[in-house]
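Since every read-out is calculated from the coordinates, none of them should be taken as a lab result. Only a predicted model underlies this, so the values are computations on that prediction, with no experimental measurement involved. Because the Cβ atoms are built from the backbone with ideal geometry, glycine has one as well, and the counts that use them run over all protein chains shown.
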């Protein structure tokens, strides 16, 4: 029995090409008509992949035709750059995908959930048999091990999540934090939403147009504050998200100093996502104030990504170890794991002997 | 090394390792105590071992309670340093005369050393706070950043450790006046100096005159002063006649 993977991903195809081959609910059945004993379709925003197990060779063209079945044109008109992995390479590729190593953002964990969902769908439809069952179960184990034994998922890699992560590193639980959103723009709304989702209960919104502030509070909760009153709020709040269109800085060390006088033991976290900036950079030099502008948030996100990339080698080592073990075990047959009852019985064979 | 490599992961194993070390320390102090017929604080060697034991004890009490698991990564080297020094340097000198048991003196010495252990932990928490604070200020977040506790949690732990240390130190200091013979004048003045320093830190914290960062720095300075005092007390000629 030969394990193989045919697909295209963000590495090889642009989004337009990927959407043309994004597949359909019935695709796995079609694939079986193409001659696969087992087939599983994995579709995410970054990849369209078919994992199959077959005694005979199933060509990439056949797979592409199945994936493009609803297109009017021949799939080769688009010259899609399909890749193909067989045997051990296929095993390694799936382990890398499930562990987030092949993702656009290295270490992201969403792909593992999508892989599990794809497996469940294939299992329910009868597309995944004993070979794919073992392959995917092992892939889930590998992904879990990679996540727990390396720092591949460490840190946040988007501006919003970096801001929330930093807030938690300063305050711990966010339930008691008071947050002021100054300027009800789209980015500040997203950041405020992220903070609320992590437990923030006390949210205040101030905007030059009070109606917009009210509108935002209706959407995400909290209360609207008149724009004239926001400086007073700085005495009470723990987190300030600012994104006004002001040309001059709204906060300077001179204006913030008196507000901080009675809160020496309480940190103030300022997220300035306005361009031009709302807060004078010198404010970061003040005791207990942690100022992050859009560039510094971006820089932290990049540091997290760099940290994750440093962990790739360790993750690859885990994957290599599992790949060798998996190939060995499957070459000895399927006796070690009893296939689930609902799976069709596939004749045992030596993967290594026949195809690897 | 693990911290530098960015792969440190706090685990139950670390805590168990320190726990195991603590059991061996306790066994050693117990055997030594039985041999001497009194609290084993008769020379610099025993003082260092007792201090290392106190650090391990307070860590095991405080670490899990305040979820400061990484504190072990900072405490363990201090324990190793204290014990390594005690074992390498020839300071395990037997007192020429068998010292008689003096419950007040032994209580004074042992409670003071546990207070030093608490101050050591406050110092370690202070270092952790400064590391975390520095990274947040400079926007340079390394792997350790994601393992260290939040700033506010660290500061709460520092404050509690300072209060406990101060309380124990006060008890130790007061009990020193009941040992039955006058303590050396310089020793008392220095001990009062350390007590006043920690009292001032706590007062500054209570009145909100000191920023958390300054409290963290003062914890390090305070422990350095306490350690110097301890060294002075035990290293000078007073040691053979006092614990």
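If you take every DSSP beta bridge whose two residues both sit in chain A, what share of them, in percent to the nearest 5, is antiparallel?
Counting only bridges with both partners in chain A, antiparallel ones make up about 45 percent.
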Rg to Rh ratio, chain A, alpha-carbon atoms and Kirkwood radius?
-> 1.12
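Just checking the output field for A:310-316: average partner chain Cβ neighbours within 10 Å of each residue's Cβ?
On the way: counts 4, 3, 0, 0, 2, 0, 0.
Average neighbour count from other chains, rounded to a whole number: 1.
Using the number of other C-beta atoms within 10 angstrom as an exposure proxy, rank B:190, A:90 with the fewest first. Each step should come with its number before you reach the end.
Details: B:190 18, A:90 24.
Taking fewest neighbouring Cβ atoms as first place, the list is B:190, A:90.
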Roughly how many nanometres apart are two label points built 7 Å out from the Cα toward the Cβ at residue A:45 and residue A:252?
-> 4.2 nm
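Roughly what % antiparallel, to the nearest 5, for the DSSP beta bridges in the protein assembly as shown? Walk me through the numbers on the way to the answer.
Details: 18 of 41 bridges.
So the antiparallel bridges in the protein assembly as shown amount to around 45 percent.
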Exposure proxy check: A:165, A:62, A:328 ranked by fewest other beta carbons within 10 Å?
-> A:328, A:62, A:165
Over the residues of the protein assembly as shown, compute the C-alpha Rg and express it relative to 2.2 N^0.38 Å.
-> 1.28
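Across the residues of B:202-212, average count of Cβ atoms on other protein chains within 10 Å? Display every interim value, and only then the final one.
Numbers: counts 0, 0, 1, 2, 0, 1, 6, 2, 2, 6, 6.
Across the residues of B:202-212, the mean count of other-chain Cβ atoms within 10 Å is 2.
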Under a plain spin-label model, where a point goes 7 Å from the Cα along Cα-to-Cβ, how far apart in nm are residue A:109 and residue A:219?
-> 2.8 nm
Post the alpha-carbon centroid distance, the stretch A:123-149 to the stretch A:184-259, in whole angstrom.
-> 46 Å
What FRET efficiency, computed as 1/(1 + (r/R0)^6) with R0 = 56 Å and r the Cβ-Cβ distance, is obtained for residue A:198 and residue A:331, rounded to the nearest 0.05?
-> 0.75
Provide B:39, A:45 in ascending order of the number of other Cβ atoms located within 10 Å of each residue's Cβ, fewest first.
-> A:45, B:39
Residue A:86 versus residue A:282, label points 7 Å from Cα toward the beta carbon: distance in nm?
-> 7.0 nm
In square nanometres, what is one fourth of the surface area of the convex hull spanned by the alpha carbons of the stretch B:159-202?
-> 2.9 nm²
Contour minus Cα-Cα span, residue B:156 to residue B:177, at 0.36 nm per residue, comes to 4.3 nm
Using a Gaussian network model of chain A with C-alpha springs under 10 Å, which one of A:179, A:97, A:283 is most mobile by mean-square fluctuation?
-> A:283
Gaussian network model of chain A, Cα springs within a sub-10 Å range: biggest mean-square fluctuation belongs to which of A:52, A:127, A:113?
-> A:113
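Kirkwood Rh, the stretch A:143-192, all Cα pairs: how many Å?
Result for the stretch A:143-192, one decimal place: 12.9 Å.
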Most to least packed among B:143-155, B:23-35 [average Cβ atoms within 10 Å] = B:143-155, B:23-35
In the Gaussian network model of chain A, springs joining C-alpha atoms below 10 Å, which of A:116, A:144, A:56 carries the largest mean-square fluctuation?
-> A:56
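Averaged across the residues of B:141-150, what count of C-beta atoms belonging to other chains lies within 10 Å of each residue's C-beta? Don't skip to the answer; put the middle values down first.
Numbers: counts 10, 2, 7, 0, 9, 8, 2, 1, 2, 8.
Going residue by residue through B:141-150 and averaging, the value is 5.
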Cα pair count fraction exceeding 19 Å, expressed as % - the stretch A:83-201 = 60 percent
FRET efficiency, 1/(1 + (r/R0)^6) with R0 56 Å, evaluated for residue A:55 and residue A:236 via beta carbons = 0.20
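Counting each DSSP H run of 4 or more residues in chain A as -39500 (n - 2.57), what helix-only mean residue ellipticity at 222 nm follows after dividing by all residues, to the nearest 500 deg cm²/dmol? All intermediate terms of the calculation are to be shown ahead of the outcome.
Values: 14 runs with 157 residues, N = 356.
Result for chain A, helices only: -13500 deg cm²/dmol.
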Pairwise FRET efficiency - residue B:187 versus residue B:93, Cβ, R0 = 25 Å, nearest 0.05 | 0.80
Chain A, relative contact order in percent, only Cα pairs under 8 angstrom and at least six apart counted = 18 percent
Would you kindly give the portion of the calculated P(r) for the stretch A:159-304 that falls above 21 Å, as a percent of all Cα pairs?
-> 36 percent
Treating the angle as unsigned and between 0 and 90°, give the value, to the nearest 10°, between the Cα long axis of helix A:88-98 and the longest Cα principal axis of chain A.
-> 30 degrees
